[in-house]
Amino acid sequence: MIQTLALLHAAYRELNARKLFWVTLALSGLIVAAMASVGLNEEGLTVLWWQFDLAFLNTNIMPVDVFYKFIFANLAVPYWLAWLATILALISTASIFPDMVSGGSIDILLSKPIGRTRLFLTRYLTGLLFVMLQVGVFTIAAFLLIGFRGGSWEPWILISIPLVLLFYSYLFSICALLGTITRSTIASFLITILFWLLIFGVNSGEQVTLAGRTALEISLQYSQEDLKEAVDAGDPIEVTGPLQEMCDEDQESLDTWESFHVWFFTAKTILPKTDETVDLLERVLRDRTGMEIGGPPERQEMMFGANQRISNREFRDRLQETMDDRSVFWIIGTSLLFEFAVLGLVCWYFSRRDF
Amino acid sequence: MMPNRPLSIDLNDVTKTYRGGVHALRGVSLQVHPGEIFGLLGPNGAGKSTLVKIMMTVVRPTTVRGEVLGQPVGHKSTLARLGYLPEHHRFPAWLTGRQAIEFSGAMCKMPRKLRRRRTDELLDLVRMTEWGGKRLGTYSKGMQQRIGLAASLVNDPQLVLLDEPTDGVDPVGRREIREVLTQMRDQGKSVLVNSHILSELEMICDRVAILVQGVVARQGTVASLTKSSRCYEIISAATAEIGSTIENAEFESLGEGRSLIRVPTDDPIAIQPVLDRLRAGDVMIESVLPKRESLEDLFLRSVTDPSTGVALEPGANRSSDSDVKTFRKSDPDSTDGGDS
């Protein structure tokens with residue numbers, strides 16, 4: 001316990017010594033301040049003392065607490081915490097393992113009565129301390145903001161702390177692996193970013209193929225209904241023939257999209273699910289607080305498949321349903337399995353390596 | 001020394017082969033007693049640091065038999081009773097000297113009160129009390145070395161392994177470090193020093209081992225290892241004619257009527273007949289000095305291939321064990337001539 005506390009204490013001192021830690025914290029403060037400067041009333045939006053009358057955004061459309069929760073869950077967390085702040089955190093923490101295994105430093109640590117695996121994992125946790133403090137301060141500030149400005153004291157907001165921490169830990173495990181093997185801060189940072197881009201690519205691919213598949217499923221469903229109606233009505237072959245042809249075309253396209261989607265989904269199942277982990281925040285806020293963000297008016301028709309009668313709302317609801325059906329275990333559990341596998345690999349390597 | 005107590009270090013047949021077939025150690029055996037300062041010498045790449053790192057679990061040995069402080073090599077808990085100053089050690093620059101020492105103490109599981117008290121004592125010992133609150137990044141090399149030494153001693157170790165402890169330290173600091181080490185010896189603790197500054201080692205080491213190409217070429221007290229080189233050098237006005245009448249002595253003319261007679265013995269009684277002979281010949285005797293090989297001479301002799309007279313190239317290599325053993329066996333002083 002003394003050793004663990006000593007390592008945590010040293011990590012805290014390290015954070016204090018890093019300017020980027022304070023820069024990130026200051027930026028977090030600025031973002032919360034920016035959120036606080038924006039308000040909502042019956043006429044529209046307020047920014048400090050300026051009033052912007054908006055017909056589509058006012059308290060009649062959206063309650064003020066939902067407005068702040070929406071900003072927090074859909075803008076602040078995904079764009080600040082899970083993107084910009086994550087890059088800053090990676091820059092700050094990428095050097096932890098290369099520094100630790102550098103000559104002269106690792107000798108001191110390994111010559112102490114502490115196991116290598118424990119040493120590595122404790123250092124790993126101290127790296128997560130950076131993000132925990134950043135996210136903790138930001139989220140608590142947002143919690144207070146929503147409480148005071150929105151009049152809603154919503155403790156579920158705080159779930160973003162473990163969620164963003166989990167999201168970051170997926171990337172940090174890769175960063176730790178690369179930092180230990182390459183002993184290079186730049187290499188570990190850049191390759192981690194590339195890995196993140198790979199995850200992003202796989203996720204985007206899966207989302208696109210899922211969207212195509214969903215649209216074609218709906219389209220096929222409509223085509224089959226039309227065909228069934230025509231057959232039931234005893235329409236001639238001149239009518240049912242093109243409908244049958246449309247069904248066949250939809251089925252063929254659906255099979256193609258399905259096969260692509262299966263590939264992307266399998267890859268995604270193996271890889272950590274960064275986006276979906278962060279998106280769990282919105283799901284939690286929707287389920288636990290009843291936060292419902294209205295979508296745009298239904299006026300567009302989807303262009304997937306031959307059938308163009310699919311409404312945007314129907315398509316989005318079906319897609320949302322599919323996403324919501326994905327269990328927390330699938331999102332977090334399989335991501336953690338990946339992370340544990342990476343950590344297991346790097347622990348094995350670290351335990352066997354000569355320094 | 002306290003020979004009745006178990007050995008602080010008792011290593012046998014330590015080998016280490018790195019990836020690529022580089023033989024860093026080829027069966028090293030080494031014994032260090034309690035209350036002893038032991039010097040580990042060797043050219044660059046001889047395997048000194050690898051041997052120390054194996055004892056400190058930084059490097060995994062290929063094979064090892066033996067114990068450190070009565071426990072098998074690699075026993076983690078035993079490390080709490082060891083002190084270690086690595087060569088080119090590097091504490092994080094954002095820590096102060098005091099924090100670095102306390103961190104080392106905490107990693108050895110020392111309670112907070114004890115490590116704080118010990119830190120105060122050690123800062124005083126290495127004369128860094130005034131600088132203890134400043135960050136290591138502002139320290140000179142010598143000051144960092146002092147803090148490193150203090151950190152290696154924070155747990156009051158029974159055995160301390162120091163890799164180039166006086167590197168970058170000024171002459172005053174070097175003397176202070178030597179005093180610290182001799183104090184430890186007086187307290188019955190063991191010190192293993194790995195250094196290239198042979199004159200310093202000669203001053204404080206009870207015994208030394210010279211490592212060459214991963215094997216112990218010589219091990220013993222400096223006196224025993226240099227015994228064969230001991231002699232008396234007599235500078236006088238003796239002529240070559242008189243010199244030739246003295247048995248087993250070397251005669252060398254120094255010019256201007258002076259000459260040097262070298263008698264290979266460390267026994268003062270043995271040179272009395274020589275002096276009598278010179279007196280009888282009415283030869284003026286200028287000086288009579290006992291001489292022996294310095295540690296540096298011994299070291300150079302150890303790293304020089306006797307067949308070619310050329311010093312070995314630095315670094316471990318992939319040559320076969322037999323090459324090294326032949327070189328080692330060719331030297332009569334290679335065995336431990338006296339360890340008490």
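The values are calculated or read from the model by the stated rules, or taken from the named source; none is laboratory data. Here the structure is a predicted model, which means the values were calculated and not measured. Here Cβ is always computed from backbone atoms with ideal geometry, including for glycine, and neighbour counts include all displayed protein chains.
Taking strands (runs of 3 or more DSSP E) that fall entirely within segment B:165-278, which contain at least 3 residues that are surrounded by fewer than 14 Cβ atoms within 10 Å (Cβ to Cβ)?
So the answer is B:250-255.
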Does B:V283 meet the test of being surrounded by 17 or more Cβ atoms within 10 Å (Cβ to Cβ), closer than 10 Å to B:S236 by Cα, of a type in the set (V, I, T) and over 37 Å from the mean Cα position of the chain (by Cα)? yes
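One line per residue, one yes/no per condition, for (1) buried (at least 18 other Cβ atoms within 10 Å of the Cβ); (2) β-branched (V, I, T); (3) modelled with pLDDT of 90 or more:
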residue	(1), (2), (3)
B:N12	no, no, yes
B:K16	yes, no, yes
B:R19	no, no, no
B:V28	yes, yes, yes
B:H33	yes, no, yes
B:K53	yes, no, yes
B:V58	yes, yes, yes
B:P61	yes, no, yes
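Do you know which residues across segment B:282-304 are modelled with pLDDT of 85 or more and either farther than 14 Å from B:K227 by Cα or among the acidic types (D, E) (or both)?
Listed by number, the residues that qualify are B:D282, B:V283, B:M284, B:I285, B:E286, B:S287, B:V288, B:L289.
Please find, within segment A:199-243, the residue that is nearest to A:W83 (Cα to Cα) out of those that are surrounded by fewer than 16 Cβ atoms within 10 Å (Cβ to Cβ) and among the acidic types (D, E).
As a first pass, look at segment A:199-243 and keep what is surrounded by fewer than 16 Cβ atoms within 10 Å (Cβ to Cβ): A:200-201, A:204, A:208, A:221, A:225, A:228-229, A:231-239, A:241-242.
Within this subset, residues satisfying the condition of being among the acidic types (D, E) are A:225, A:229, A:232, A:235, A:238.
Details: A:E225: 44, A:E229: 50, A:D232: 55, A:D235: 57, A:E238: 56 Å.
Within segment A:199-243, the match that is nearest to A:W83 (Cα to Cα) is A:E225.
Return the residue satisfying two criteria in turn: it lies in segment B:89-114 and is charged (D, E, K, R) and within 9 Å of chain A (Cβ to nearest Cβ), and of such residues it is nearest to the chain's Cα centre (by Cα). Write out each step before concluding.
Looking only at segment B:89-114, we keep the residues that are charged (D, E, K, R), and these are B:90, B:98, B:102, B:109, B:112-113.
Retained after the next criterion (residues that are within 9 Å of chain A (Cβ to nearest Cβ)): B:90, B:102, B:109, B:112.
Working: B:R90: 23, B:E102: 29, B:K109: 30, B:R112: 35 Å.
In this case the residue turns out to be B:R90.
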Any residue in segment B:63-82 that is buried (at least 20 other Cβ atoms within 10 Å of the Cβ), in a helix (DSSP H, G or I), polar (S, T, N, Q) and under 26 Å from the mean Cα position of the chain (by Cα)? yes
Single match in B:G148, B:G105, B:G132 (criterion: surrounded by 16 or more Cβ atoms within 10 Å (Cβ to Cβ) and either polar (S, T, N, Q) or part of a loop (DSSP other than H, G, I, E, B) (or both)): B:G132
Within segment B:30-77, which residues are more than 12 Å from every other protein chain (Cβ to nearest Cβ) and more than 19 Å from B:L162 (Cα to Cα)? B:T63, B:V64, B:R65, B:G66, B:G70, B:P72
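A:I108 - would you say it is within 14 Å of chain B (Cβ to nearest Cβ), modelled with pLDDT under 95 and in contact with a helix residue (DSSP H, G or I) (Cβ under 9 Å, 6 or more places away or on another chain)? Quick ask: steps written out before the conclusion?
Working: within 14 Å of chain B (Cβ to nearest Cβ): yes; modelled with pLDDT under 95: yes; in contact with a helix residue (DSSP H, G or I) (Cβ under 9 Å, 6 or more places away or on another chain): yes.
Criteria met by A:I108.
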Long-range neighbours under 7 Å by Cβ, at least six apart or interchain, first residue within 7 Å of chain B (Cβ to nearest Cβ) and more than 12 Å from B:L95 (Cα to Cα) within segment A:1-22, second crowded, with 19+ Cβ neighbours inside 10 Å and among the hydrophobic types (A, V, I, L, M, F, W, C): A:I2/B:A106; A:Q3/A:I114; A:Q3/B:A106; A:Q3/B:M107; A:A6/B:F103; A:A6/B:A106; A:A6/B:M107
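Which strands (runs of 3 or more DSSP E) sit wholly inside segment A:24-143 and have at least 2 residues that are in the same structural domain as A:I174 (by TED's automatic domain parsing) and touching a Ser or Thr at 6+ places or on another chain (Cβ under 8 Å)? Walk me through it before giving the result.
Values: elements: A:38-40, A:44-47, A:50-53.
So the answer is A:38-40.
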